[in-house]
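For reference, the structure discussed in these notes is given below.
No lab work stands behind these numbers, since they all come straight from the coordinates. All of these numbers come straight from a predicted model, not from anything done at the bench. FYI the Cβ positions are ideal-geometry reconstructions off the backbone, even for glycines, and counts take in every protein chain you see.
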Amino acid sequence: MRSFRFYLLLCLLGANGWAEELPATLILTWEKDPCRSMTALWLRGPGLGETPRKDLPEVIQWKKVGEGSWQPAATESSPFPDPDKMGKPRWTLVKARWDRLEPGGEYLFKIGSSPEAKFCTAPQNIGSGVTFVEGGDIDIADSSFKMMVLGARQNPLFMSLGGDLAYGDGHDIKREIAFWKQWRQAAIAPDGRLIPLVPGIGNHEVKGGYVQEGATFEEMKARAPFFYAWFGGLYRQAEPVALDFGDYLSMLLLDSGHVLPIASQTGWLKENLEKRKAVPWVFASWHVSTYPSFRKWKDQKEIVQTREEWVPVLEQSGVAAVFTHHEHNLQRVESEGQTGRKIPVLGNGAMGVEARPQNCPESKALTKAFAQSDYLNVIQLRPKGVIVRSLGPEGEELDRVDLPLRAKP
Ligand SMILES: [Fe+2]
């Protein structure tokens, strides 16, 4: 009888080993050079698998596709913020980082006895072309999942989400977990590759939504605990982030007054655009729309400030386009060109939320396209130009714009 019980236990353990899946909240993202690094993040704890211990850490194995033996990778774990539990974390954040990878490389990894997962680093050169997907204002609805899946089906190198992701407002951990579970299920390319996320912050990542008068960076980060727990390895300093993809693409990720004051970023923007004069495709992205579509121009101080602080700098630069969000519909405008050339501003964030009407007379005058619809942008970079297609929930093309390659300085 005892030996039968032992046999049963072995069978159960064996069955459990077979059943081990990739973590339900697994996210791939970049903290460093997208051509040479990758970071994987996931939660453990109630409902999400056993919490790793110092004497029993998570075991990762990885290798380059086509190469022989698996190698171990170290993980780090830390308590995941749990504001509603008054600082008593229920979940643990686990992180694995790879660097010194090869540009344009295909890699496999396993977590414990999970199936193999695949990721790709960014190529060093544009080659025949690179595609990425962009959107924002997502939520945890069925419509949000549908839009994430639509994005993944475009087989993008990465998806850039410009804020208002889970609508957890810096405290709702259940919402946060539900969002990343959806992302894990959706962000899979047609060939099974996991799609990395380029994250941006919005008001719904932050308690109170916006910078508090006189608050320090550390104090403001504490008001956006989930965002900085996940993505503090990218957003390390009290300034925006520039992610450079080889010699062909740069993403400038700004903060429209959520943790960093808007005016504090203007000098950084100027300097970082200047540094990237030779990069053919530079995009800036932030959350609050500078050319609102539902609100009016004077309805929110961040609308006014981003226009006054950043538009003149951008109009005098070679930026290809700006992505904005927060208004929950599709609206493409061109800036007024009062301080330089007119720049395309592609907004305004609706990737699963209920779409709102266009109510803004000032922006209407600058509008090139509008749809009261969820949408995402598919940006196809080609050696001689960019095509941006805005797709609605059924994959229908709501807007399309060609951005010509600008003359080299
Ligand atoms: Fe927002």
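Top mean-square fluctuation among Asp99, Asp55, Asp247, Gaussian network model of the chain, C-alpha springs under 10 Å?
Result: Asp55 has the largest fluctuation of those listed.
What is the chain's relative contact order, in percent, from Cα pairs under 8 angstrom and six or more apart in sequence?
Numbers: 993 pairs, mean separation 58.9, N = 409.
Relative contact order here is 14 percent.
List the pairs from Lys146/Lys221; Lys270/Lys301; Lys296/Lys384 whose alpha-carbon separation is above 28 Å, in the order I gave them.
Pairs exceeding 28 Å: Lys146/Lys221; Lys296/Lys384.
Can you divide the C-alpha Rg of segment 11-120 by 2.2 N^0.38 Å and report the result to two decimal places? Walk me through the numbers on the way to the answer.
Numbers: Rg = 15.0 Å, N = 110, 2.2 N^0.38 = 13.1 Å.
Ratio of Rg to 2.2 N^0.38 Å for segment 11-120: 1.15.
Provide His287, His204, His171 in ascending order of the number of other Cβ atoms located within 10 Å of each residue's Cβ, fewest first. Don't skip to the end; give the middle numbers.
Details: His287 30, His204 24, His171 15.
Fewest-to-most ranking of His287, His204, His171: His171, His204, His287.
In whole percent, what relative contact order does segment 118-249 give with Cα contacts below 8 Å and a gap of six or more residues?
Working: 194 pairs, mean separation 37.5, N = 132.
Reported relative contact order: 28 percent.
By average Cβ neighbour count within 10 Å, what is the ranking of 56-69, 334-347 from highest down? If you can, show how the numbers build up before the last one.
Values: 56-69: 13.2, 334-347: 17.4.
For the peptides 56-69, 334-347, the packing ranking is 334-347, 56-69.
Could you tell me whether segment 320-409 comes out rounded, prolate or oblate from its Cα gyration tensor? Rule is a ≥ b ≥ c as square roots of the eigenvalues, rounded for a/c under 1.5, then prolate if a/b exceeds b/c, otherwise oblate. All intermediate terms of the calculation are to be shown ahead of the outcome.
Details: a/c = 2.56, a/b = 1.28, b/c = 2.01.
Verdict is oblate for segment 320-409.
Using Cβ contacts closer than 10 Å as the measure, can you line up Phe145, Phe179 from fewest to most? Spell out each step's value before the answer.
Details: Phe145 19, Phe179 23.
In increasing order of surrounding Cβ atoms, one gets Phe145, Phe179.
For Tyr228, Tyr375, which order do you get if you count the other beta carbons within 10 Å of each Cβ and list the fewest first?
On the way: Tyr228 23, Tyr375 27.
Ordered by Cβ neighbours within 10 Å, fewest first: Tyr228, Tyr375.
State the dimensionless ratio Rg/Rh of the chain (Rg: radius of gyration of Cα atoms; Rh: Kirkwood radius). Spell out each step's value before the answer.
Working: Rg = 21.7 Å, Rh = 22.0 Å.
A ratio of 0.99.
What is the P(r) of segment 222-366, as percent of Cα-Cα pairs per 5 Å bin from 0?
2, 10, 19, 22, 21, 15, 9, 3, 0
Does anyone have the angle between helix 2-19 and the longest principal axis of the chain? Alpha-carbon axes, 0 to 90°, nearest 10?
Computed tilt is about 20 degrees.
Of Glu315, Glu50, Glu106, which has the largest mean-square fluctuation in a 10 Å C-alpha GNM of the chain?
Glu50
For a protection proxy built on the mean count of beta-carbon atoms within 10 angstrom, sort 159-165, 211-217 highest first, please. Before the final figure, lay out the partial values.
On the way: 159-165: 27.1, 211-217: 12.1.
My ranking of the peptides, most packed first, is 159-165, 211-217.
Stretch Lys277-Asp142 to full length: gain in nm at 0.36 nm per residue minus the Cα-Cα span?
Details: separation 135, 0.36 × 135 = 48.60 nm, distance 4.13 nm.
Additional length available on full extension: 44.5 nm.
Cα-based Rg of segment 250-301 per 2.2 N^0.38 Å, rounded to two decimals?
Computed over Cα atoms of segment 250-301, the ratio equals 1.30.
Could you give P(r) for segment 154-300, binned at 5 Å from zero, as whole percent values over all Cα-Cα pairs?
Here the calculated profile for segment 154-300 is 2, 9, 17, 20, 20, 16, 11, 5, 1, 0.
Could I get the Rg over Rh figure for segment 56-214? Both from C-alpha atoms, Rh via Kirkwood, rounded to two places. Kindly include the intermediate steps, with their values, before the conclusion.
Numbers: Rg = 17.5 Å, Rh = 17.6 Å.
Taking Rh as the inverse mean 1/r over Cα pairs, Rg/Rh reads 0.99.
If the convex hull of the alpha-carbon atoms of segment 132-228 is projected onto planes in all directions, what is the mean projected area in square nanometres?
Working: hull surface 23.8 nm².
In nm², the orientation-averaged hull projection of segment 132-228 is 6.0.
I'd like the orientation of helix 173-186 relative to the chain: the angle between its Cα long axis and the longest Cα principal axis, in ° from 0 to 90, rounded to 10.
90
Which whole-number percent is the relative contact order of segment 14-79 (Cα, under 8 Å, 6+ apart)? Spell out each step's value before the answer.
Details: 61 pairs, mean separation 13.0, N = 66.
Relative contact order, segment 14-79: 20 percent.
Only residues of segment 281-298 count here: report those whose backbone N is under 18 Å from the spot 7 Å along Cα→Cβ of Lys364, or say none.
Output list for this probe position: 291-298.
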